[in-house]
Amino acid sequence: MARRRLSSLYLLVSIFFYVGLVCATPKIAIENPRVRATASGQTVSGGYMTLINDGSTADRLVSVSASWAGMIQIHQSSTDGGVMRMREMPDGVPVPARSRVELKPRGMHLMIMQLSAPLEAGRSMPLLLQFEKAGTVKASLRVEPAGAMP
Ligand SMILES: [Cu+2]
């Protein structure tokens with residue numbers, strides 16, 4: 001009987017320890033992931049979403065990849081003397097603890113290049129996001145008609 005009680009205590013301790021480990025790893029949620037549809041012959045598109053970090057540890061989006069695009073960069077748009085410019089963010093996107101970071105048209109965005117086929121509105125495209133601490137997070141981009149996004 002005593003041994004049995006001890007083993008259930010052990011089990012309980014293991015569960016708490018495991019839960020503790022899981023909670024220490026930041027969890028990133030992806031909200032409203034979407035990509036602009038492309039016309040045939042167009043090989044570049046923009047990807048947008050909100051990165052949500054509900055945890056108490058800061059994280060960072062470091063890279064993004066997809067089987068249907070040769071290269072995906074993280075860009076920041078800015079307006080310089082009325083001219084829209086984009087630059088790559090080589091250090092990725094910081095996602096502070098308990099924050100929401102929006103990738104949106106005319107702001108930070110995913111520059112999706114070397115598309116293997118046109119992106120047709122209504123489809124869903126799988127994407128892998130690599131975070132410094134949370135590791136790999138899967139997302140599915142909804143392809144939206146080009147005119148549906150500002
Ligand atoms: Cu860009």
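Bear in mind that the values in this text are calculations on the coordinates, not laboratory data. Quick caveat: nothing in here was measured; it's all calculated off a predicted structure. Backbone-built Cβ (ideal geometry, glycine too); neighbour counts: all protein chains shown.
Using a Förster radius of 22 Å, what is the FRET efficiency between residue 58 and residue 102 based on their Cβ-Cβ separation? Nearest 0.05, please.
0.85
Projected onto the charge dipole of segment 26-148 (+1 at Lys/Arg Cβ, -1 at Asp/Glu Cβ, origin at the Cα centre), which of 112, 129, 51 gives the Cα projection farthest towards the positive end?
Working it through, the farthest residue towards the positive pole turns out to be 51.
Once you order the gyration tensor axes a ≥ b ≥ c over the Cα atoms, which shape class does segment 74-117 get: rounded for a/c under 1.5, otherwise prolate or oblate by comparing a/b with b/c?
oblate
Collect residues whose amide H, placed 1.01 Å from N in the peptide plane, falls under 5 Å from the amide H of residue 133; neighbours closer than 5 in sequence don't count.
For residue 133, whose amide H was placed from the backbone, the distant partners under 5 Å are 60.
Can you compute the modelled spin-label distance between residue 43 and residue 144, with each label point 7 Å from Cα toward Cβ, in nm?
2.7 nm
Test of understanding: what is the full-extension gain from residue 65 to residue 87, defined as 0.36 nm times their sequence separation minus their Cα-Cα distance?
Numbers: separation 22, 0.36 × 22 = 7.92 nm, distance 1.84 nm.
Contour length minus the Cα-Cα distance gives 6.1 nm.
Might you report the magnitude of the Cβ-based charge dipole of segment 26-148 about its Cα centre, with Lys and Arg at +1 and Asp and Glu at -1, to the nearest 20 debye?
Dipole size: approximately 140 debye.
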